[in-house]
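Throughout, read-outs are computed from the coordinates displayed, never taken from laboratory work. Please read these numbers as outputs of a predicted model, since none were measured by experiment. Reconstructed Cβ throughout: ideal geometry from the backbone, glycine too, with neighbour counts over all protein chains shown.
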Amino acid sequence: MSYDPYALAFPAAPFTLSSKDFEPGGALPASAYATADGPGESPELSWGPLPAGTRSLVVTAFDADAPIPGGLWHWVVKDIPATVPGLAHGAGAGLPPGAVHLVNDLGAAAWSGVKPPPGTGTHRLVVCATALSVASLDVPAGASLAMLNILLIPHTVGRAVLVGTSTAGV
C-alpha cells in the first residue's frame with residue numbers, strides 16, 4: 001500500500017520546495033542516514049516564492065513507509081521566519097534564529113536520520129514545508145505530532161512537499 005500523508009490534509013496554496021541534496025523522488029544522500037556514529041544530517045532545503053501572508057514555516061520529515069502503524073516522523077521544526085529562504089544542509093544541528101525543534105517520533109528534538117529496517121524495501125521520506133499566517137505557532141509542551149498538525153489548520157496559507165527515498169543498507 002502506498003500512503004500519501006497529505007492526501008486528506010487541509011487544502012493550502014502550493015509553493016515550491018526543493019533540495020540541492022536530492023532530486024524529487026530520488027535517493028536521499030548518505031549523509032541523511034542514521035549510523036552507528038550519529039543521527040545523520042538533514043538535507044538542504046529551499047522554498048519560495050511563499051504565499052501572501054506567510055509569517056513563518058513549519059518543516060516536517062515523515063517516513064510514510066515505516067513498518068509501523070501511522071509511519072514515522074523524523075523531523076519537526078516550527079517558527080522558521082518567513083524571511084529565511086531555506087535550511088542549510090545539516091540545519092537539524094543548527095537552526096536559524098527563532099526556529100524551534102519539536103520532539104519527533106524517536107524522542108529527539110532534532111533531525112533523526114533515516115534507517116529503513118532490512119527487508120522493508122524502499123521508503124519515502126515526505127518532507128513538507130507549511131507556510132503559516134502566524135510568526136509563532138503555540139504548541140503546548142509535550143503535544144503529539146497529531147496535535148501539531150491540528151494546530152496548523154487555522155493558520156495554514158501554503159504547503160509544499162518534496163519526497164526522497166531511502167533503503168536499508170546504505
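Of the residues making up region 8-26, those that are surrounded by fewer than 16 Cβ atoms within 10 Å (Cβ to Cβ), under 28 Å from ALA146 (Cβ atoms) and in contact with a strand residue (DSSP E or B) (Cβ under 7 Å, 6 or more places away or on another chain) are PHE10, ALA13, PRO14, THR16, PRO24, GLY25. Out of all the residues in region 145-159, is one or more small (Gly, Ala, Ser), more than 19 Å from PHE22 (Cα to Cα) and assigned to a strand (DSSP E or B)? The answer is yes; a qualifying residue exists.
Checking each residue in region 64-111 for being touching a residue at least 60 places away in the same chain (Cβ under 8 Å) and β-branched (Val, Ile, Thr) picks out only VAL76.
Name the single residue, out of those in region 101-133 being in contact with a strand residue (DSSP E or B) (Cβ under 7 Å, 6 or more places away or on another chain) and exposed (fewer than 15 other Cβ atoms within 10 Å of the Cβ), that is nearest to THR60 (Cα to Cα). Can you show your working first?
So the first thing to find is which residues in region 101-133 are in contact with a strand residue (DSSP E or B) (Cβ under 7 Å, 6 or more places away or on another chain), and the list is 101-102, 104-105, 109-116, 122-133.
Subset that is exposed (fewer than 15 other Cβ atoms within 10 Å of the Cβ): 109, 122.
Values: ALA109: 12, THR122: 19 Å.
Here the residue is ALA109.
So which residues in region 122-170 are of a type in the set (S, T, N, Q) and over 22 Å from PRO67 (Cα atoms)? THR130, SER133, SER136, THR156 - these are the residues of region 122-170 that are of a type in the set (S, T, N, Q) and over 22 Å from PRO67 (Cα atoms). For region 89-100, the candidate set comprises residues that are aliphatic (A, V, I, L, M) and either touching a helix residue (DSSP H, G or I) at 6+ places or on another chain (Cβ under 7 Å) or within 18 Å of TYR33 (Cβ to Cβ) (or both); within that set, the residue that is surrounded by the most Cβ atoms within 10 Å (Cβ to Cβ) is ALA91.
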